[in-house]
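Here the structure is laid out as structure tokens; the discussion comes afterwards.
The numbers here are math on the coordinates, done by the rules we state, and not lab data. In this text, all values refer to a predicted model and were calculated from it rather than measured experimentally. Heads up, the Cβs are rebuilt from the backbone with ideal geometry, glycines too, and the neighbour counts pull from every protein chain shown.
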Amino acid sequence: DNRADYTKLDWIIWTATIGQDSPAKAARQAALLKPIVHFLNVSPSRVPMTDWYDTKTGRMVGFQARSVVGGVFIPLLHKRSLAI
């Protein structure tokens, strides 16, 4: 969605996770997840992990410590070999 400069962290992780495992999926996952890792490392917002942030500035847009951030664990449910 290019209508604004913000993104939703949980949606990106869900999108990166769904689909059959393949080399193409692994490349897509890396391309989608790399900007999230960068955001988490450089965000000037020193608050609990947000799911809604500005892609240009890395600042939290409006949400903080929401339960939807649990969506980052969807890869554990999708790939049973990662689950405990």
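Taking Cα centre as origin and charging only the Cβ of basic (Lys, Arg, +1) and acidic (Asp, Glu, -1) residues, the dipole magnitude of segment 1-81 rounds to 120 debye.
Among all the lysines, which ones have a C-alpha under 19 Å from Lys56's C-alpha, if same-chain residues fewer than 8 places away are not counted? Correct list for Lys56: Lys8, Lys34. Spacing of the modelled spin labels on His38 and Leu77, each 7 Å from Cα toward Cβ, amounts to 2.9 nm.
Within the straight-line cut-off of under 20 Å between alpha carbons, the aspartates and glutamates reachable from Lys79 are Asp10, Asp21, sequence neighbours fewer than 8 places apart in one chain being disregarded. So for the chain, taking the charge dipole from beta-carbon charges (+1 Lys/Arg, -1 Asp/Glu), which of Ser22, Met60, Asn41 sits furthest toward the positive end? Among Ser22, Met60, Asn41, the one farthest towards the positive end of the dipole of the chain is Ser22. Can you give me the C-alpha center-to-center distance between segment 1-58 and segment 62-80, rounded to a whole angstrom? One Cα centre to the other: 12 Å.
Whole number please: convex hull volume per residue, Cα atoms of the chain, in Å³. Please report the intermediate quantities before stating the final value.
Numbers: hull volume 9.0 nm³, N = 84.
Per residue, the Cα convex hull of the chain comes to 107 Å³.
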